[in-house]
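Encoded as C-alpha cells, the structure appears first; notes follow it.
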Amino acid sequence: MEDSLLITSLISTTVLVGIAAQVLGKFLQIPGIIFLLLFGILLGSSGLGLLEPSLLGSGLEVIVSLSIALILFEGGLSLQIRELDSVSVSLRNLVTIGVVITLSGGAIAAHTLSQFPWTIAFLYASLVIVTGPTVVTPLLKLVGVERRVATLLEGEGILIDPIGAIVAVITLNIILSSREVPLVLVGTTVPLLVLKGLALRLGVGLAIGLGAGGLLSLLLKQSKFLPQELKNLVVLATVWGSFSLAQALRSESGLMVAVVMGMVLRAACIPEERLLRQFNEQLGILANSVLFILLAADLSIASIVALGWNSVLAVLALMLVVRPINILVSTWNRGFSWQQQFFLSWVAPRGIVAASMASLFAISLSKQGMSGGDALKALVFLTILMTVFVQGLTASWVASWLGLRVKQVRTVIVGDHPLAKLLTRLLQERGEAIAVIDLNASEANSSQFKESPVISSYLNLEELEAEGIASSSTFLGLSNNPELNGILAQRASELFRPDLIAILSQPPLDSGTDLSVIAPNIKIAFAPQIDLELWNQYLNQDQAQVIEIVLRSQTYTAQQTELRTLIESGEFLPLLIERDQNLRIMLADEIWQPGDRIVGLLHKSASSDAIVSLTQSAALATP
C-alpha cells in the first residue's frame, strides 16, 4: 500500500511540475524543455530528492516506450508533407549521409576529447544522431524563421528520430554481442550488420505503419459507424497496438510505425483532422513533460561534473564542427544561402529520444556487466543541456542577425480584387505583416501584393497554419461572395480565435446565415453596406483617392457629421483607424474619438469644400 502511494505521488507530482514548466515557458516565450530540465534536476536525486523515478522499476521503460510512440506519431501527424518537395533532396541527405557524418564525427570527438573507448564513443554518437521534433518545432514557432528553413529542420527532427534510434539499438546489440569490438570494426562485419538491421527494422516499421495507417484512415472516414467521441481513442489504441506489434516482431521498429501512421493519416485528409491533431498534440505535450521530468530527476549532476572540460569540448565539436559539415554536405547546391546554412548548422537541439534511450542503454550496459553506462548517460545529457540551453536561448538572436526571421502575420485578408490589394499595401506601408488568401491564385500576379505571401487558392484553413495565420490577430473576409466571407469567418473564429474577425457585409438573410446570432464576435468591416464592385471600379478608373483624416478636438463634431454624410452617400469608404499608435481595420459600428486617425477612400466627385473641412490640411495621397 505504501509503495503504491509513493508511485501515485511520483506520477501526480511529475505531471503537475511538467505542465507548470510548459506553462512557464509559454508565458516567458522560452522553450519549455529548459524548465523541464531545470525542474527535473532540482526535484531529483541531485537536488531536493522529491522525485525518485527508480520507484517505477521496469515500469519506467514502459512509460518511455509508449510516450515516445505518442510523440513520434504526433510529429508525423503534424508534418506538412506537401511542403517537403522544396527540401526533399536535402532532407534525404540529412537522414542518410548526415547520419553517417554525425555517427563518425561524434565518435571521433568522444574518443579523442572525452577519452571514451571506441565502443562507448560510437554508442554515444549513435544516440546523438537524433534531434527531436518536440524541441525543434516549438523553438521554430517561437523564432519565426523562414518557412523553407523551418520545413527542413522540422522534417529532419521527425524522420531522423526512428532512424537514429534504430542505428543506436543496432550499435548497442553489436557491442553487447562482442567484447572484441575494435577487431570487428576493421572488418566488414559491422557495416553489413548495421545495414541489415536498419533495413529490416525500417521495412517492418514501414509495412505495419502503412497498413495500420491506411486501415485506420478508412475507419475514421466511416463516421456513421464510429461516433465522434470514440475517434480519438480509437486512434490512440491503434497507434499503441501497432507500435507494440512492431516491437514484438523487431525491436525499435515500432518507432517507424508511429511516424508513418501519422504521415498516412495526415495525407488521407480524414474528417475532423484538426480535432485529432489537437488531441494528439496535447498528449504529446503531456508525454514529453512527464518523460523529461522523470529522466532529468534520475540524472546525477556529479556524473556530468566528473566528465570534465574535455567532454564540454567534445560536445562543442559536435555542435560547431560535425553539424556544420553535415549541413554543408547535405545542402550542397540545393539553393540555400550561407545564412540559411548557418542557421541550420546552429539549430540541432537533442531531445527526448536521445535522453530516454541513453537512460535505457545505461541500464542495459550495467546488466551486462560493462562499465561506461553512467558516463555515456552523463555525456548524452550534457549534450542535451548544452544544445538546448545554448541553441534554444540564442536561436532567435541568431535568426535576427542572419535576417531570417519573418514578421508574424497580424492580418489575413481574403480577396484578390483592387480594394483588397489597396488595403494590403496600406497595411504593409505601416509595417504590418499580411497574409493574403487569393481564391484565384493560379491566375493572379502575386507580385501585385509586394511581399505579402499569396498563400492559398483553396479554402482549407487548417492547411494554412504552417503559413502563420494561426497566430494572426485580424481576419478579414473581403471576397465578392458574402456567404463565403461568413463561412470563412466562422471557421477562423473556431480554429484560430483572432482578436478581430470582420467581413465586408452581412450575408443575405435568405442564406440562413445570421452572424449576429450564431457568431456575435464577427464584425462588419468599414461601413454597414458597401458596393464592392463600384469601389473596385472607382479604383480601376482612378476615381478614388486615399485620404487621412485626424479627428481634432476643436472640430470633432463637424468632422464627424461630414464623415457620416459622405459615408451614407457612398462618397467615402473608411478603411483603417489608428488610435494610441495602434492601427487596425475600421468597423461599421466604430465609436470615434478625438485624436483618431482615419484612413479611407474618397471619391473624386466629393466637393473640394468637403475635403478641406475633413482633412484640416492633412496630406492627401493617391493609390
Exercise for review: Restricting attention to the stretch 300-328, report how many residues are crowded, with 24+ Cβ neighbours inside 10 Å and farther than 24 Å from residue 103 by Cα.
Suggested key: 0
Practice item. Name every residue in the stretch 7-19 that is at pLDDT 90 or above and surrounded by fewer than 15 Cβ atoms within 10 Å (Cβ to Cβ), in order of residue number. Key: 12, 15, 16
Practice item. Return a yes/no flag: does the stretch 306-316 have any residue that is at pLDDT 90 or above and within 29 Å of the chain's Cα centre (by Cα). Key: yes
**Study point:** Which listed residue is in contact with a Lys or Arg (Cβ under 8 Å, 6 or more places away or on another chain) and either in a helix (DSSP H, G or I) or surrounded by fewer than 21 Cβ atoms within 10 Å (Cβ to Cβ) (or both), from 102, 131, 119
**Key:** 102
Practice item. Would you confirm whether any residue within the stretch 364-374 is closer than 30 Å to residue 293 by Cα, of a type in the set (Lys, Arg) and free of Cβ contacts under 8 Å to residues at least 12 places away in the same chain? Key: yes
Exercise for review: Determine if the stretch 208-225 includes at least one residue that is basic (Lys, Arg), at pLDDT below 75 and either in a loop (DSSP other than H, G, I, E, B) or open to solvent by 70 Å² or more (accessible area, probe 1.4 Å) (or both).
Suggested key: yes
**Study point:** Flag if residue 289 is open to solvent by 30 Å² or more (accessible area, probe 1.4 Å) and of a type in the set (S, T, N, Q)
**Key:** no
Revision key, fill the gap. Looking across the stretch 543-567 at residues that are under 30 Å from residue 486 (Cα atoms) and charged (D, E, K, R), the single one that is surrounded by the fewest Cβ atoms within 10 Å (Cβ to Cβ) is 564
**Study point:** Lone qualifier among 40, 49, 44 - being open to solvent by less than 50 Å² (accessible area, probe 1.4 Å), out of contact with any helix residue (DSSP H, G or I) (no Cβ under 7 Å at 6 or more places or on another chain) and not polar (S, T, N, Q)
**Key:** 49
Practice item. Scan the stretch 25-37 for residues that are assigned to a helix (DSSP H, G or I) and either on the phi > 0 side of the Ramachandran plot or surrounded by 16 or more Cβ atoms within 10 Å (Cβ to Cβ) (or both) and jot them down. Key: 25, 32, 33, 34, 35, 36, 37
**Study point:** Boolean, residue 335 is open to solvent by less than 70 Å² (accessible area, probe 1.4 Å) and in a loop (DSSP other than H, G, I, E, B)
**Key:** yes
Review point. From the list 270, 304, 293, which one is farther than 24 Å from residue 60 by Cβ and either in contact with a Phe, Trp or Tyr (Cβ under 9 Å, 6 or more places away or on another chain) or not in a helix (DSSP H, G or I) (or both)?
Key: 270
Practice item. Go through the stretch 326-339 and give me each residue that's closer than 19 Å to residue 390 by Cα and among the hydrophobic types (A, V, I, L, M, F, W, C). Key: 327
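The values are calculated or read from the model by the stated rules, or taken from the named source; none is laboratory data. All values reported here derive from a predicted model rather than from experimental measurement. No Cβ is skipped: glycine too gets one built from the backbone with ideal geometry, and neighbour counts run over all protein chains shown. The protein model used for the area step is the full one, side chains on, heavy atoms only, and it has no ligands, DNA or RNA in it. Shrake-Rupley method; radii C 1.70, N 1.55, O 1.52, S 1.80 Å.
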